[in-house]
Amino acid sequence: MALGPCLRWAMGDEGRRAMLSTTAWQAPVLGNTLVLGVGQAVLVTWLAGLLAAVQNLCFPGRRLLHIVVLTPLVTPAWTMALGLVMLLGNSGLLRSLMPGGLDVYGLPGLVLAGSLQVLPFAYLAMLAAERSVDAQLLDQARMLGLDQKRARRQVAWPRLLPATAATALVVFVEAITDLANPAVLGGGYPVLASRVHLAVSAEYDLAGAAMLALLLAVPALLLHLAARPLGGRGRFRLLRSGTPAPRHVPSPGEWSMVFLAGLVGLVQVLVLGAVLLGSVASSIGVDAQPTTAYLRQALRGAHGEAFGYGLLLALLALPVTGTAAMVIALAAHGRGRLARLVRMAAWSLGALPGLLVGLSVMLVVHTAQGHKWSGGPFGWVTAVAIIMVHVLRSLPAVVTALLARLDLEPRVTRDAARLHGVGLWRRLRVHWWPQLAPELGRGLCTSLLRTLGAVGSVVFLTNSHVGLLSVRALTEVDAGRVGAACAMAVWLAAVGCLVLAVCHPVLGAREED
């Protein structure tokens, strides 16, 4: 469904002409996209591995560093880019301290902002991999005469390599399909995602945009296909139930790792602090005065309506996502051909870029309604389309979490239920639901955080009737009103913190000290 509209537009007469035009095929843009993806994948994977490794050490501030690294989870996708503008932009707070000046607009800024934004996800993946290494293997290696460094290199690292490779591939895909950071810091460095947006918003070249979106979808699907066995079915899969290694005091060489990890946390604090400062300062510079005007404006007028619409549509998408995820997970639970097809369909949907999903839904609406986007005073057609995009983007992650829990069910339990004639509804109500409810709640909370700050998947669907605060923030940045955009980021982050504050005690978030 997500690929169909783009394929029809790309394979039509206009699409074939667009394939040969500069709008739909630009070798420099492809090169820029690949360089951005490789640079961000290398940096994020290295930083995530470093941060995960230092969590095995015992030093003051370890828990605080863990929380700081995870903070971008509750912020919109463009928050880090906005913070870099506040710090290193043309009138940034630290611009004068940089020797020779540092141009944050372009490739360096895109790599840094994108790395800081996706670092929490890569860090959690690498942390899970670190905790899957059996401590008994490391103890046995040291008993055989290997020092701690050689034991880690020869025993732990081979078991971390599949997760590291999978993390790098996923980060690469996220980098090349991201639109939020190029919209803020792209400058004169065009990438495929920004070209898709330009083709739709400025040139109205829907066929060219569909062709470019499909170019993004091909590597995304292939690399997700490569990352799937590495992350979930690695050759060391059976060692994941081992005992995690106890934390120890850092050695003199490991203190350098702690220092670098602390620098990463300090950079994140500075960037997020700059966004918070920008929301309560009248301007950037020595003449800045404290003000609450930007925070008040973000909740008034068109901005307030966009904030309310975005929150309402994200909440309306939750029950649809939850119901559909339960049905799909139960249909995919099993070993039959239908179950495998359902699993593959859910996985493929999760591998598609959000930009492609949003563009496909926009093309469906465009074909059905022409230029009549509103459908009523509230814009019901567009609102339903945005809810559909939210559901499509959230379903794969929720389904994956539910299937992971269902797959833990012992086979003897399934056979006993089948032998005694226990129906599907009774198994769901008595046996499955108590196990699936916490996973479903966590998945829906995570999807709510993602949809509130979504940009690429919904940027083509916003209009004068239904505006979203996350998209309006990018418009404010383009107009030079950075303070207003910072205030919007603060409010969206505040809602994210509220969601986590409610979900954590209710759902019992699982976290190891």
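The alpha carbon convex hull volume per residue for the stretch 176-231 rounds to 82 Å³. Averaging the Cα positions of each part gives two centres, and for the stretch 33-66 and the stretch 310-333 these lie 32 Å apart. The residues packed around L492, meaning those with a beta-carbon under 14 Å from its beta-carbon, carry a net charge of +1 if Lys and Arg are +1 and Asp and Glu are -1. If the segment from M344 to Y204 were pulled out straight at 0.36 nm per residue, it would be longer than the present Cα-Cα gap by 47.0 nm.
For the stretch 315-357, report the % of Cα-Cα distances exceeding 17 Å. Percentage above 17 Å: 43.
Take the Cβ atoms of S283 and T367, set R0 to 60 Å, and the FRET efficiency comes out at 0.85. Close amide H partners of A281, meaning residues 5 or more places away or on another chain with modelled amide H under 5 Å apart, are T291. In order along the stretch 189-196, the Karplus-derived 3J(HN,Hα) couplings, from 6.51 cos²θ - 1.76 cosθ + 1.60 at θ = phi - 60°, round to 10, x, 10, 4, 4, 5, 5, 4 Hz, and Gly and Pro are given as x.
Accessible surface of F259 in the full protein assembly, 1.4 angstrom probe, to the nearest 10 Å²? Estimated to the nearest 10 Å², F259 gives 130 Å².
A cut-off of 5 Å between modelled amide H atoms, ignoring neighbours fewer than 5 places along the same chain, links G456 with L179, A180.
The trypsin sites (Lys or Arg not before Pro) of the stretch 265-350 that DSSP puts in a loop, and whose beta carbon has at most 14 other beta carbons within 10 Å, are R300, R335. Note on C497: accessible area approximately 70 square angstrom, rounded to 10, probe 1.4 Å, nucleic acids and ligands left out. Note down the magnitude of the dipole of the stretch 274-371 about its Cα centre, charges +1 on Lys and Arg C-beta and -1 on Asp and Glu C-beta and zero elsewhere, to the nearest 20 debye. Dipole size: approximately 600 debye.
The values are calculated or read from the model by the stated rules, or taken from the named source; none is laboratory data. What you see is a predicted model; the values in this text were computed from it and never measured. Here Cβ is always computed from backbone atoms with ideal geometry, including for glycine, and neighbour counts include all displayed protein chains. Surface areas here come from the heavy atoms of the whole protein model, side chains and all, with no ligands, DNA or RNA. Shrake-Rupley method; radii C 1.70, N 1.55, O 1.52, S 1.80 Å.
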